[in-house]
Amino acid sequence: TIWGGFAHAGKSTMLNFMQSVLLAHEQRIFIASLEMKVEAMLRKLARIYLGERLTDETARAFLQGVGHHLVFADIVGSMKQDELMEMMWFSFRRYGCTHFLIDSLMRIQDLEEDYPAQGTFCNRLQDFAKETGSHVHLVAHLGKPSQTVERPSMYAIKGSSLLVNNADNILLVCRNPDKEKLRKANRLTDDQEK
């Protein structure tokens, strides 16, 4: 599944919510969040999972309750494809991970401007998913929107057309533009806020 969305559209919130649902169903998750330190990622995930403000006590309870279902690539920056694939295979075999989150495509070395290599990488992820029966979630950034674009399309995903053509699922996250306009004008009713 390719996940995309414009900046500040709620993509990270949706991904954290998805992960919290998986954790509630005792799924094991491998997370390569190459744009954020593991500690920050855990805090955000714990807040959404618990549905409350995080304290030392609730953070410990979260880690004790579901921490054994999480495996992290403790790398911020970029990583090589082979290194990522090796970590994914290890996490599948050793820990039984069935969901793999890679955030984001642009953090995988030598892919940003090499469109054929992006297609090859996507094929490697698909092969991995099919061989293991697991689900791979890949965050792919979108190009900058024009002033008139409020909702993204799959054609806005930066990179090779092979990404969208070969993906099994594409999820594009966006805010409701009409609701955002009402919120900015301070005209949202309580029912609309829900």
How far apart, in nanometres, would the label points at Met14 and His135 be if each is projected 7 angstrom from Cα along the Cα-to-Cβ direction? 1.4
Give the shape of segment 103-186 as rounded, prolate or oblate, defined through the alpha-carbon gyration tensor: a ≥ b ≥ c are the square roots of its eigenvalues, a/c under 1.5 means rounded, and otherwise the shape is prolate if a/b is larger than b/c and oblate if not. prolate
Environment charge of Thr120, counting only residues whose C-beta is closer than 11 Å and scoring Lys/Arg +1, Asp/Glu -1: -2
So for the chain: antiparallel DSSP bridges make up what percent, rounded to the nearest 5? 5
So if R0 is 25 Å, what FRET efficiency would Glu52 and Asp178 give, r being the distance between their Cβ atoms, rounded to the nearest 0.05? 0.25
Rounded, prolate or oblate: which one fits the chain, using the alpha carbon gyration tensor with axes a ≥ b ≥ c (rounded when a/c is under 1.5, else prolate when a/b beats b/c, else oblate)? oblate
Taking amide hydrogens as modeled 1.01 Å from N in the peptide plane, which residues meet the under 5 Å criterion relative to Gly159, leaving out close sequence neighbours? none
Quick one: Cα centre-to-centre distance for segment 6-47 and segment 105-122, in angstrom? 23
Cβ-based net charge around Ala32, under 11 Å, with every Lys or Arg adding one and every Asp or Glu removing one: -3
With the cut-off at 26 Å, tell me which of the pairs Lys80/Lys158; Lys37/Lys179; Lys37/Lys80; Lys80/Lys130; Lys44/Lys130; Lys37/Lys181 have Cα atoms farther apart than that. Lys37/Lys179; Lys44/Lys130; Lys37/Lys181
Rounded FRET efficiency, nearest 0.05, which uses the C-beta distance separating Arg43 from Tyr115 and R0 of 41 Å: 0.70
Given springs between every Cα pair under 10 Å in a Gaussian network model of the chain, which of Ala140, Ala167, Ala32 has the largest fluctuation? Ala167
Give the separation of the Cα centroids, segment 154-194 to segment 59-103, in Å. 27
Could you grab the relative contact order for segment 28-187? Cα pairs under 8 Å, six or more apart, rounded to a whole percent. 23
Sorted peptide list for 39-49, 96-106, criterion being average Cβ within 10 angstrom, highest first: 96-106, 39-49
So for each of 57-66, 84-93 I average, over its residues, the number of other beta carbons within 10 Å; can you give me the resulting order with the highest mean first? 84-93, 57-66
First check a/c for segment 64-153, with a ≥ b ≥ c the square roots of the eigenvalues of its C-alpha gyration tensor; if it is under 1.5, answer rounded, and if not, answer prolate when a/b is larger than b/c or oblate otherwise. prolate
Trp3 neighbourhood, Cβ < 11 Å, K/R = +1, D/E = -1, net charge 0
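Readers should treat all values here as calculations from the given coordinates under stated rules, not as data from a laboratory. Everything quoted here is computed from the prediction, not taken from an experiment. Positions of Cβ are generated from backbone atoms using ideal geometry, with glycine treated the same way; all protein chains shown enter the neighbour counts.
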